[in-house]
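Reviewing the structure listed below.
The values are calculated or read from the model by the stated rules, or taken from the named source; none is laboratory data. All figures in this text were calculated on a predicted structure; none of them were measured in a lab. Neighbour counts run over all protein chains shown; Cβ positions are idealised from the backbone, glycine included.
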Amino acid sequence: MLELTYTRLAMLAAQPVDQVFRALADPTRRQVLERLSRSPASVSELAAPFSIALPSFVQHMAVLEESGLVTSKKIGRVRTYHLAESRLRIAEDWLSEQRGFWERRLNRLDNYLIELKEKQQ
């Protein structure tokens, strides 16, 4: 029972990371985030460079909003999106942890290989 609870907690903790990486997995959504890094924009402004139907583009925006990478505000008939930069830190933190993990492992491997080589001499 305890293991099941731990597994469930781990899955819940991973959900934000999973949502962010799912959103970042698509090149259209990454381009939208790059555009929003310059300034907020309306749906029509964001959709203009893409040759996809507006309903499909709106689905991309929904994924970005569900992941927390963007926020939107509707004034009248215009919905404007803003980049939520703090949410990108989730991906940055996860990647930093992975980089640190692999750097430590590779350093241990390097030390082991050096010791092995010294023993052979």
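If you go through segment 66-78 and keep only what is touching a Phe, Trp or Tyr at 6+ places or on another chain (Cβ under 9 Å) and surrounded by fewer than 17 Cβ atoms within 10 Å (Cβ to Cβ), you end up with 71, 72, 73. Scanning segment 37-65 for residues that are surrounded by 15 or more Cβ atoms within 10 Å (Cβ to Cβ) and either aromatic (Phe, Trp, Tyr) or closer than 18 Å to residue 15 by Cβ (or both) returns 57, 63, 64, 65. Tallying residues that are touching a strand residue (DSSP E or B) at 6+ places or on another chain (Cβ under 8 Å) and among the aromatic types (Phe, Trp, Tyr) within segment 70-121 yields 1. Which one is farthest from residue 26 (Cα to Cα) among residues in segment 56-79 that are assigned to a strand (DSSP E or B) and either among the acidic types (Asp, Glu) or within 21 Å of the chain's Cα centre (by Cα) (or both)? Step by step, filter segment 56-79, then rank; the result is 72. Listed by first and then second residue, the pairs linking a residue in segment 73-85 that is more than 17 Å from residue 59 (Cα to Cα) to a residue that is among the small types (Gly, Ala, Ser) and surrounded by 15 or more Cβ atoms within 10 Å (Cβ to Cβ), with Cβ atoms under 8 Å apart and 6 or more places separating them unless they lie on different chains, are 84/68.
In summary, residue 115 fulfils each of the numbered conditions (1) within 20 Å of the chain's Cα centre (by Cα); (2) in a helix (DSSP H, G or I) with the single exception of condition (1). Filtering segment 16-55 to residues that are over 13 Å from the mean Cα position of the chain (by Cα), charged (D, E, K, R) and not in a helix (DSSP H, G or I) leaves only 38. A single member of 59, 19 is modelled with pLDDT of 95 or more, on the phi < 0 side of the Ramachandran plot and among the polar types (S, T, N, Q), and it is 59. Scanning segment 86-109 for residues that are without any contact (Cβ under 8 Å) to a residue 12 or more places away in the chain and basic (Lys, Arg), we see that the one that is farthest from residue 22 (Cα to Cα) is 108.
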